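Comments concern the structure below.
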Amino acid sequence: MTRKYLVAGNWKMNGSLKANAELLAGIAAQAASVPDVDLLVCPPSAYLESVGKALPAGVQLGAQNLSDQLKPGAFTGELHGAMLTELGCRYVLIGHSERRALYHETDLKAAEKYRTAQALGLIPVLCIGETLDEREAGSTEAVLRRQLEAVIDLCGIESFKSAVVAYEPVWAIGTGKTASPQQAQAAHAFLRGLLAERNANIAGSTQLLYGGSCKPDNAHELFSCADIDGGLIGGASLKAADFMAIAAAAQALAKA
Ligand code: 13P
């Protein structure tokens with residue numbers, strides 16, 4: 001089963017009209033050189049419209065969060081999924097560890113947002129991963145299982161026909177401490193195994209991304225792993241040269 005590589009930029013709460021325009025111009029200049037890689041940018045919601053209008057050919061737009069509500073209404077500060085699709089979003093990040101840790105999003109809340117995203121026509125990028133304490137306590141697999149099964153239980157295995165899963169060990173995010181290819185591959189194989197217990201075909205076709213200090217100098221090694229289908233990139237996605245160098249690593253493997 002061949003899975004396409006996906007390289008996604010999570011801009012987090014960064015950017016400005018000027019910086020975004022420069023970043024997009026840099027991506028546009030090189031997007032044609034990675035024809036076999038899916039590219040995605042996830043700017044802050046304030047910039048979805050302007051980034052959507054300036055999106056280079058071949059690059060998809062994603063949001064970083066959405067409301068769990070199926071219908072619009074009196075939910076001050078929230079963003080309804082239909083608003084995101086109207087602005088051109090195809091994807092939305094769900095359950096990023098920063099939302100779990102800083103905004104108290106539970107496994108169930110992430111699952112509900114994932115369900116709402118799909119109901120409103122968005123592809124969820126479900127983010128899961130263990131903290132350093134959890135890894136050191138030997139509970140990495142239990143944590144990954146709990147986070148993934150919360151979604152499988154609520155939405156079913158069939159829902160993964162139209163979803164992406166991002167393994168992002170919390171201790172590797174923004175720290176410069178990348179998971180080793182062996183650590184990342186072990187987690188990815190475990191996650192694919194959990195999906196395969198329910199449906200081997202779906203497990204074989206689901207894109208599993210690695211995130212956490214993924215940079216141009218480690219992307220090739222990570223993406224070479226059998227169960228790693230691309231990356232969810234934070235810091236390095238803010239520099240066009242770095243983001244596209246990571247995409248080029250995926251392109252080289254796609255063609256190899
Ligand atoms: P960094 O690439 O900055 O470590 O961030 C990873 C991440 O959280 C992407 O969602």
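The values are calculated or read from the model by the stated rules, or taken from the named source; none is laboratory data. All of these numbers come straight from a predicted model, not from anything done at the bench. For neighbour counting, all protein chains shown are included, and Cβ atoms are generated from backbone atoms with ideal geometry for every residue, glycine included.
Does segment 195-218 hold any residues that are out of contact with any Phe, Trp or Tyr (no Cβ under 7 Å at 6 or more places or on another chain), assigned to a loop (DSSP other than H, G, I, E, B) and either away from the ligand (no atom under 16 Å from the Cβ) or charged (D, E, K, R) (or both), and which are they?
Of everything in segment 195-218, those that are out of contact with any Phe, Trp or Tyr (no Cβ under 7 Å at 6 or more places or on another chain), assigned to a loop (DSSP other than H, G, I, E, B) and either away from the ligand (no atom under 16 Å from the Cβ) or charged (D, E, K, R) (or both) turn out to be 199, 215.
Which pairs do you get when a residue that is in contact (Cβ under 8 Å) with a residue 12 or more places away in the chain and surrounded by 14 or more Cβ atoms within 10 Å (Cβ to Cβ), found in segment 58-73, comes within reach of a residue that is part of a loop (DSSP other than H, G, I, E, B) and small (Gly, Ala, Ser), reach meaning Cβ atoms under 8 angstrom, with the pair 6+ apart or on two chains?
58/32; 61/88
Looking only at segment 118-138, which residues are small (Gly, Ala, Ser) and within 16 Å of the ligand (Cβ to nearest atom)?
Correct list: 129 only.
Answer with yes or no whether residue 148 is assigned to a helix (DSSP H, G or I), out of contact with any strand residue (DSSP E or B) (no Cβ under 8 Å at 6 or more places or on another chain), touching a residue at least 24 places away in the same chain (Cβ under 8 Å) and of a type outside the set (Lys, Arg).
Answer is no for this residue.
Select from segment 159-194 the residues that are near the ligand (Cβ under 10 Å from one of its atoms) and among the hydroxyl-bearing types (Ser, Thr, Tyr) and write down the one among them that is surrounded by the fewest Cβ atoms within 10 Å (Cβ to Cβ).
175
Suppose we filter 90, 3 for residues that are more than 16 Å from the ligand (Cβ to nearest atom), assigned to a strand (DSSP E or B) and either among the aromatic types (Phe, Trp, Tyr) or at pLDDT 95 or above (or both); which single one remains?
Criteria check complete, one pass: 90.
If I go through segment 221-256 residue by residue, how many of them are more than 16 Å from the ligand (Cβ to nearest atom) and modelled with pLDDT of 95 or more?
Qualifying residue count for the region: 9.
What are the pairs with Cβ atoms under 7 angstrom where one residue, in segment 241-256, is of a type in the set (Phe, Trp, Tyr) and surrounded by 24 or more Cβ atoms within 10 Å (Cβ to Cβ) and the other, located anywhere, is at pLDDT 95 or above and not in a helix (DSSP H, G or I)? Sequence gap at least six, or different chains.
243/9; 243/233
Hey, can you tell me all the residues within segment 48-86 that are β-branched (Val, Ile, Thr) and under 16 Å from residue 238 (Cα atoms)?
51, 59
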